[in-house]
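The values are calculated or read from the model by the stated rules, or taken from the named source; none is laboratory data. Since we're looking at a predicted model, the values are computed, not measured. Note that we place each Cβ from the backbone using ideal geometry, even for glycine, and neighbour counts take in every protein chain shown. The area values use the complete protein model at the heavy-atom level, side chains included, leaving out ligands, DNA and RNA. Shrake-Rupley method; radii C 1.70, N 1.55, O 1.52, S 1.80 Å.
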Amino acid sequence: MREITLRVSRYDPAEDAEPHFEEYTVRVNEGARVLHALHAVHDDHDPTLAYRYCCGSGQCGSCAVQVDGTPVLACMEEARDGMTVEPLDLPVLKDLTVDMGPVIAKIARICPAPDAGLPTKEEIEAIKPLRDCIECLCCVSACPALQVTEFAGPTVLRQEMRLALDPRDSGDRIGDAIEKGLFYCTTCKRCLEVCPKEIDVPGKAIEKLRELANRRGLTLPRHQEVAKLVQETGRSVERTVPTFLEQVPEVIEPDGPVRGEVGFFVGCMFNGRVPQTALDAMEVMKRNGIRVIVPHDQVCCGSPLIRTGQTSNVSDLKQKNIKAFADRGIETVMTICAGCGATLKNDYETPFAVKDVTEVLTEYGIEPPAKLDITATYHDPCHLLRGQGISEEPRALLREAVGEFVEMPSQCCGAGGGVRSGVPEEAKALGAKRDAAVKATGADVVVTVCPFCEFHIADCTDVPVKNLVTVLLEGYRKKDAEQKDSA
């Protein structure tokens, strides 16, 4: 047995003006789950504590709560000393019980098709990744789009795709999905991160539904414009300044001895919209002894098309990009765009390794820059944090370059999944939430590793937004100036 202390949210709408926390100390067995701790509170302290549970084995979904801000199943999450237990981000009925009815009511039921046969083996295999949902609504509680729109939520759209794949269903699943907010999903993968059954709703449902919508000519007009631009130019953004590829040679040698070599996938934003950041990255690589090979025949990675369901041209883009790097014998391809990196890692099958710039710099180790006299916070790009599983590397590098680093809660900024272009009012609302979070840190600058996040957050806050490589370069320039002055 061990003793733990936990804070539990208490709220009775019939008596309380607002929720409040109460602290309890309970004795539980080693390895006890959160549900066991709640049982101990109920049995030993307050039998009026309201919470749901049923199977106790992660199969019914009824005991979902938030622990330290993250939705979990109480029966599966290990209890820990000092934890805070709250209800899901849904209307509270009492204490930890929430009103799930409105969301459950939106989950489609099968419309039997007359004379339909049984699904084929291939159809069953396609359905399998989507049928394990236990309707715990952890994903709904965590979804950023639901905070600012009338989006029906991940589990509702998951069911639309599950039925769209089933030959026994006769419903118009694409029309239903669009009505329920198909294009509101930012594909941030927060739902996958918290899902007890690890259902990839963005990849297996949202993007596939968008693909079906595209076949019916229902893609949003702005998204169609992006696809046309890629088809005509090989790039998803228009050229506004001399591009990065126009400004650099194919091989960029380091300033000193060669410590390593990478190929560089520049991406559309860094090539045509904000090339200076890519140039800054090259200076950082040169400073740290890394030769960079830049194939000039590379094109858009296809991410904007995949996320919006416009996949007819993606295979051609993949072949061109793989050939551009493979033909030069490149073994490691570096990205400085979170979206490009996630796409190359997750949607391609490459004969080379793909690594984010923060992975490359961490593996080789960097020359310590001078610390800038600023306080910085860090915004996690969704396609870096959840798309590539990278969190600590950029933070460690940033700590080396700034006087003070302060954390900021991770949340989607609203730029991804085609939302910034297709549903700008949603992107703006999520950007406003990022602005509030930034202001709460008191930081002088927001640092990130994604051009879309950088571009969008800069539109939504008056706090300067910079890419990590630019901050590192500023640290090196400060170091050089200090050494020059001392000499």
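Normalized C-alpha radius of gyration of the chain, against 2.2 N^0.38 Å? Show your work: numbers first, answer last.
Values: Rg = 24.7 Å, N = 487, 2.2 N^0.38 = 23.1 Å.
After normalising by residue count via 2.2 N^0.38 Å, the value is 1.07.
Kindly provide log₁₀ I(q)/I(0) values, in the same order as q = 0.22 Å⁻¹, from the Debye equation applied to equal alpha-carbon scatterers of the range 244-363. Log10 of I(q)/I(0), two decimals: -1.34. Give the Debye-formula value of log10 I(q)/I(0) at each listed q (0.09, 0.13, 0.16, 0.20 Å⁻¹), with one equal scatterer per alpha carbon of the range 52-198, two decimals each. Cα-only, vacuum Debye calculation for the range 52-198: -0.31, -0.63, -0.90, -1.26.
Think of the chain as a dipole: +1 on every Lys or Arg Cβ, -1 on every Asp or Glu Cβ, centred on the Cα centre; then among PRO275, GLY56, MET285, PRO275 lies furthest on the positive end. Placing +1 on the Cβ of every Lys and Arg and -1 on the Cβ of every Asp and Glu, with no other charges, gives the chain a dipole of roughly 1300 debye about its Cα centre. Relative to the longest principal axis of the C-alpha atoms of the chain, give the angle of the C-alpha long axis of helix 154-164, reported between 0 and 90° and rounded to the nearest 10°. Taking the Cα atoms of the chain, the angle to 154-164 is about 90 degrees. GLU393 sits among other residues whose Cβ lies under 13 Å from its own Cβ, and their net charge, with Lys and Arg +1 and Asp and Glu -1, is -3.
In the chain, the longest principal axis of the Cα atoms and the axis of helix 34-44 are about 40 degrees apart.
Against the criterion of solvent-accessible heavy-atom surface with a 1.4 angstrom probe, HIS20, HIS383, HIS223 sort, most first, into HIS20, HIS383, HIS223.
Surface calculation, 1.4 Å probe, protein heavy atoms: SER391 sits at approximately 40 Å² accessible.
With all protein chains kept in place, the per residue accessible area of the range 244-363 amounts to 35 square angstrom at a probe of 1.4 angstrom. Residues in the range 368-486 average 39 Å² of solvent-accessible surface per residue, probe 1.4 Å, ligands and nucleic acids excluded. Taking other residues whose beta carbon is less than 15 angstrom from the beta carbon of ARG273, and scoring Lys, Arg as +1 and Asp, Glu as -1, yields -2. Normalised by the number of residues in the range 98-223, the mean separation of alpha-carbon contacts (under 8 Å, six or more apart) gives a relative contact order of 30 percent. With the highest mean first, a sort of the peptides 118-128, 228-238, 83-93, 302-312 on other beta-carbon atoms found within 10 angstrom per residue produces 302-312, 83-93, 228-238, 118-128. Sort the range 333-412 into rounded, prolate or oblate with this rule: let a ≥ b ≥ c be the square roots of the eigenvalues of the Cα gyration tensor; rounded if a/c is under 1.5, and if a/c is not under 1.5, prolate when a/b is larger than b/c, oblate otherwise. Since a/c reaches 1.5 but b/c is at least a/b, the shape of the range 333-412 is classed as oblate.
Ordering 332-338, 188-194 by mean Cβ neighbour count within 10 Å, with the highest value first, yields 332-338, 188-194.
With the highest mean first, a sort of the peptides 360-367, 10-17, 34-41, 395-402 on other beta-carbon atoms found within 10 angstrom per residue produces 34-41, 395-402, 360-367, 10-17.
Think of a 1.4 Å ball rolled over the protein heavy atoms: the range 70-131 then has 54 Å² of accessible area per residue. Relative contact order of the chain: 11 percent, from C-alpha pairs under 8 Å at least 6 residues apart in sequence.
In percent, what relative contact order does the range 368-486 have, based on Cα pairs under 8 Å that are 6 or more apart in sequence?
33 percent
Can you tell me the alpha carbon radius of gyration of the range 368-486 divided by the globular rule-of-thumb value 2.2 N^0.38 Å?
Expressed relative to 2.2 N^0.38 Å, the Cα Rg reads 1.10.
Each Lys or Arg adds one and each Asp or Glu takes one away; over the other residues whose Cβ falls under 14 Å from the Cβ of GLU18, this sums to -4.
In the range 149-211, the alpha-carbon atoms span a convex hull of 79 Å³ per residue. Within the full protein context, the accessible area of MET100 is estimated at about 30 Å² for a probe radius of 1.4 Å. In the chain, the longest principal axis of the Cα atoms and the axis of helix 451-460 are about 70 degrees apart. For a 26 Å ceiling on Cα separation, which of these pairs sit above it: LYS286/LYS484; LYS197/LYS318; LYS433/LYS466; LYS121/LYS208; LYS355/LYS439; LYS345/LYS433? From the list (LYS286/LYS484; LYS197/LYS318; LYS433/LYS466; LYS121/LYS208; LYS355/LYS439; LYS345/LYS433), the Cα-Cα distance tops 26 Å for LYS197/LYS318; LYS355/LYS439; LYS345/LYS433.
Does the range 1-59 come out rounded, prolate or oblate by the C-alpha gyration tensor, with a ≥ b ≥ c the root eigenvalues, rounded set by a/c under 1.5 and, if not, prolate when a/b is larger than b/c and oblate if not? Cα axes put the range 1-59 in the oblate bin.
If I compute solvent accessible area with a 1.4 Å probe over the protein chains, what percent of it on the range 52-181 is carbon and sulfur? Answer for the range 52-181 is 51 percent, counting heavy atoms of protein chains only. Simple spin-label estimate for GLU367 and GLN276 gives 2.3 nm between the two label positions (7 Å along the Cα-to-Cβ direction from each Cα).
Computed extension length for ASP99-MET1: 31.8 nm, one decimal, from 0.36 nm per residue of separation with the Cα-Cα distance subtracted.
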